[in-house]
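Nothing in this text is a laboratory measurement; each read-out follows from the coordinates by a stated rule. None of these values were measured; they are calculated from a predicted model. Cβ placement follows ideal geometry from the backbone for every residue including glycine, while neighbour counts extend to all protein chains displayed.
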Amino acid sequence: MIEGLKSKRQSALEYLYDHYSGSLYGIIFRIVRQEDIAEEILQDLFLKIWDKIDNYDASKGKLFTWMLNIARNQAIDKTRSKEMNKGKKTDDIDYLVNKIDNQGSAELQIDGIGLKEVLMELSEDQRFIVNQLYLKGYTQSEVAEEFGIPLGTVKTRLRAAMIELRTILKIK
Amino acid sequence: MNIQDYIATGILEAYALGELSEHERAEVEKNLAQYPALKQELLKIEEASELLFMKAAINPSKEVKARLFEKIKAKPVGKEMSIVPSSMRMWKLAAAASITFALLSSYMAYTYWNKWRVSESNLTELLAQNQRMAEDYNKVNQRLDKIEADSKVIDNPAFTRILMKGTSNAPQSLASVYWNENTQELYLSIQSMRQLSQENQYQLWAIIDGKPVDAGVFESIASGLIKMKEIGKGVTTFAVTIEPRGGKASPTLETMQMAGNTVKS
């Protein structure tokens, strides 16, 4: 697929879009919290992937990580440039979680297990961290600051959770 | 570096979340290239992280995809291909740029080195010239000072000028003394005198009460007024003899060169 992108095959980009637009849009939306802006960023993101695919270096990680980095940077730039109100975070979370829950049942059951079921298998501490980082769009420093947990603890707890998740998600 | 300790810090998880600073990310990427075990661990973390994000996905509206592909189709693909250089072309470009830069740098370095050398020698020459000018100026200044001082003596009516004419020993010689009897200042001015050998010097005498009094030795080449010794009052005659270098206590009369009387009879 990456080769397809590099030789500018549109089918490759279409596959990429169908496969990743939801997860990337989720990441963007959790940062900017406005649908129209998030959609604009998503479109720019895929245009950038199309133009800059030659910059992707597989030795530095998976394609998803590369795309995620671009998505995050674009979203963060946008919140800065528009001086968007980040204080509303908690209010929007319920709406966000609902949206995921609704979609989760319909389209995103890739491996048959929903996010909630996966997270339920983690300890409470670990579930909390993963929830904040992956579902609510907090950064590690934000979690550390807002909930009074040392940043080092946030990092090691996430590490423990990710090891646990490998077993749950059957990653070898 | 202990890889397990490094992994245990959770830095790879942060990397997969895209949360590291530019600097931290560069460091992780450097380590990834160096330690295969690190890369393996990262792949597992990325996989788990990616799956979580997939499960937390939110679908954008369908229009986004339509709009995106309209834009993609509008992009001039062929042109794009030629604009985006292949890595080979990049290498060639980079090499060409490097060579051009190196050539240009060498040329500039050579040119400026030459310019510097020329400037350096010009500067040395100018400095030497400047020094000569300063010396000349000083000499002229000193001479001017001397002439000014001399003219003060010559113009001063308190000084009497006594002309000493050549004797039969030296008929061509001519000199004058300027004498202020009140202050006893005495100056000598040579108009014409022959040059002596190294061993000998001219000596000026003042005859007071018929006795010669030493008024100092001098060279014939001296220019302007030469200050001589102060002598007493009542000089009747000034005379010059040739004496061994340093002068003598009493004159050798046979060598008398010139003489002039103070009394204007």
Computed curve, the range B:160-261, Cα-only Debye sum without solvent term, log₁₀ I(q)/I(0) at 0.21 Å⁻¹, is -1.08
Quick one: pull the percentage of alpha-carbon pairs in the range B:3-58 with a separation above 18 Å.
30 percent
Pairwise FRET efficiency - residue B:132 versus residue B:261, Cβ, R0 = 51 Å, nearest 0.05
0.60
Give the span of chain B's Cα atoms along each principal axis, as three whole-Å numbers ordered largest to smallest.
141, 49, 37
Over the whole of B:6-18, what's the average partner chain Cβ count within 10 Å per residue? Rounded to a whole number, please.
6
Given charges at beta-carbon only (K, R positive; D, E negative), |dipole| of the protein assembly as shown in Debye:
1120 debye
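Please tell me the relative contact order of the range A:2-81 in percent, rounded to the nearest whole number, where contacts are Cα pairs under 8 Å and at least six residues apart. Could you put the intermediate results ahead of the total?
Numbers: 53 pairs, mean separation 29.9, N = 80.
Averaging sequence separation for qualifying contacts and normalising by length gives 37 percent for the range A:2-81.
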What list do you get for A:46, A:128 if you sort them by fewest beta carbons within 10 Å?
A:128, A:46
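Ranked highest first by average number of other Cβ atoms within 10 Å, how do A:129-136, A:74-81, B:249-256 line up? Working shown, then result.
On the way: A:129-136: 21.8, A:74-81: 15.0, B:249-256: 12.9.
Final packing ranking: A:129-136, A:74-81, B:249-256.
In percent, what relative contact order does the range B:1-72 have, based on Cα pairs under 8 Å that are 6 or more apart in sequence? Write out the running numbers ahead of the final one.
Details: 21 pairs, mean separation 22.8, N = 72.
For the range B:1-72, the relative contact order is 32 percent.
Would you mind working out the magnitude of the charge dipole of the range A:2-81 relative to its Cα centre, with +1 at each Lys and Arg C-beta and -1 at each Asp and Glu C-beta, to the nearest 20 Debye? Don't skip to the answer; put the middle values down first.
Details: 12 positive and 12 negative charges, 67 e Å.
About 320 debye.
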Give the Kirkwood hydrodynamic radius (Å, one decimal) of the range B:77-155, defined as one over the mean of 1/r across all pairs of different Cα atoms.
19.1 Å
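Which loop-located trypsin sites (Lys or Arg not before Pro) does the range A:1-41 contain, where loop means any DSSP state but H, G, I, E or B and the Cβ has at most 14 other Cβ atoms within 10 Å?
Taking the range A:1-41 and a limit of 14 other Cβ atoms within 10 Å, the loop trypsin sites (Lys or Arg not before Pro) found are A:9.
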Estimated inter-spin distance, residue B:8 and residue B:155, nm [label 7 Å along Cα→Cβ]
10.5 nm
Simple spin-label estimate for residue B:167 and residue B:66 in nanometres, 7 Å along Cα-Cβ:
13.9 nm
Sorting B:186, B:11, B:26 by the position of each Cα along the dipole of chain B (Lys, Arg +1; Asp, Glu -1; all at Cβ), the one nearest the positive end of that ordering is B:26
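What does the helix-only formula give at 222 nm for the protein assembly as shown: each DSSP H stretch with n ≥ 4 adding -39500 (n - 2.57), the total divided by the residues, and the result rounded to the nearest 500 deg cm²/dmol? Don't skip to the end; give the middle numbers.
Working: 16 runs with 256 residues, N = 437.
Calculated from helices alone, the mean residue ellipticity at 222 nm is -19500 deg cm²/dmol.
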Residue with peak Gaussian network fluctuation, chain B [Cα springs, cutoff 10 Å], from B:217, B:235, B:28
B:28
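Treat every Asp and Glu Cβ in chain B as -1 and every Lys and Arg Cβ as +1, leave all other atoms uncharged, and give the resulting dipole magnitude about the Cα centre to the nearest 20 debye. Don't skip to the answer; put the middle values down first.
Working: 31 positive and 31 negative charges, 217 e Å.
Using only the charged Cβ atoms, the result is roughly 1040 debye.
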Restricting things to alpha carbons, tell me how big the protein assembly as shown is in terms of Rg and Dmax, in Å.
53.5, 151
Would you please classify the overall shape of the range B:108-192 from the alpha carbon gyration tensor, given that a ≥ b ≥ c denote the square roots of the eigenvalues, rounded means a/c under 1.5, and beyond that prolate means a/b larger than b/c while oblate covers the rest?
prolate
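Determine, for B:12, B:17, the number of other Cβ atoms within 10 Å of each Cβ, and report the residues in order from fewest to most.
So the ranking, lowest neighbour count to highest, is B:17, B:12.
At a threshold of 8 angstrom on Cα-Cα distance, excluding pairs fewer than six apart, so keeping six or more, what relative contact order does chain B reach in percent?
Working: 297 pairs, mean separation 31.7, N = 265.
Reported relative contact order: 12 percent.
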In nm, the gap between the two label points placed 7 Å beyond Cα toward Cβ at residue A:80 and residue B:92 is 3.9 nm
Hey, how much of the P(r) for the range A:2-81 falls beyond 16 Å, as a percent of Cα pairs?
48 percent
Would you list B:177, A:32, B:213, B:118 from fewest to most Cβ contacts within 10 Å?
B:118, B:213, A:32, B:177
